[in-house]
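Heads up, the thing below is written out as structure tokens.
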Amino acid sequence: WSHIKYHLADLIGTYSAWMYYLYGDKKDLRIAKRYIERNKVLKTNDKFKRIYISNLRSQSVLYRANLNIKKAIKNHEDILNALNCFNSREVQKKERLCDEEKLNYSVLLMDTGKEKNFEKAKIILDEIYKNENQKNFNLDNRRSVRVNYYAYYLNKNNLEDAEKFLFDSIQYIKNIEERGGKEDYYAMLERLYGLNIIQGNFNDALKGLEK
């Protein structure tokens, strides 16, 4: 019964958190908070670790929705600690999941707009990028690390490297006919055309946007 109770609380908390993130309804915020709070007791219970980590993710969604990046960063550090993602790769049991959460963490760091946090994010990206192999292959992670590099280099006004990583990310988009594939593809194109405009290539950008 305990597992069902915590699982249901997690489902309701996750759904309500994302509804609040997307639409800003305070009713969803109240519901999300209530059910997230219920599952905080699972912090020291290894039996329900998966649900506890999911609960932390829902809390991060609320922090991001309210633009409380500082708390979102601290909360995401709790996720990484719970997954033992700060351990060496040799002893990590969930390498691909750790890479996913580290990539989310790097986004939060760059969202602060602080140069020191951009450099922290770069260290994370470098570590993931240099350790890419077939064992930890994941399409979303491959694409995300390159898109995050794009954001890093765009902030540095290094448009050449920003464009290089953005182009490289396109090969890791899901089949364009699959769910989400078309949206990912057009999002990449939008970023590329934005780079064209920054670089002064207005004709290339206009041609692309008209297609």
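Okay, here's what the table says:
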read-out: Using a Förster distance of 30 Å, the FRET efficiency for Leu11-Glu132 (Cβ separation, nearest 0.05); value: 0.35
read-out: Projected label distance in nm at Gln171 and Ile4, using a 7 Å step from Cα toward the beta-carbon; value: 5.0 nm
read-out: Hits among aspartates and glutamates - C-alpha to C-alpha of Lys40 under 16 Å, sequence gap 8 or more where chains match; value: Asp10, Glu77, Asp78
read-out: Extension gain, Lys70 back to Tyr23 (0.36 nm per residue minus Cα-Cα distance, nm); value: 14.7 nm
read-out: C-alpha long axis of helix 181-198 to longest principal axis of the chain, angle in °; value: 50 degrees
read-out: The chain, accessible area per residue, ligands and nucleic acids excluded (1.4 Å, Å²); value: 61 Å²
read-out: Cα→Cβ-extended label distance, 7 Å offset, between Asn84 and Asn157, nm; value: 4.6 nm
read-out: Set of lysines near Lys120 by C-alpha distance (under 19 Å), chain-local residues within fewer than 8 positions excluded; value: Lys70, Lys71, Lys74, Lys102, Lys130, Lys156
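The values are calculated or read from the model by the stated rules, or taken from the named source; none is laboratory data. In this text, all values refer to a predicted model and were calculated from it rather than measured experimentally. FYI the Cβ positions are ideal-geometry reconstructions off the backbone, even for glycines, and counts take in every protein chain you see. For accessibility, only protein heavy atoms count, side chains too; no ligands or nucleic acids. Shrake-Rupley method; radii C 1.70, N 1.55, O 1.52, S 1.80 Å.
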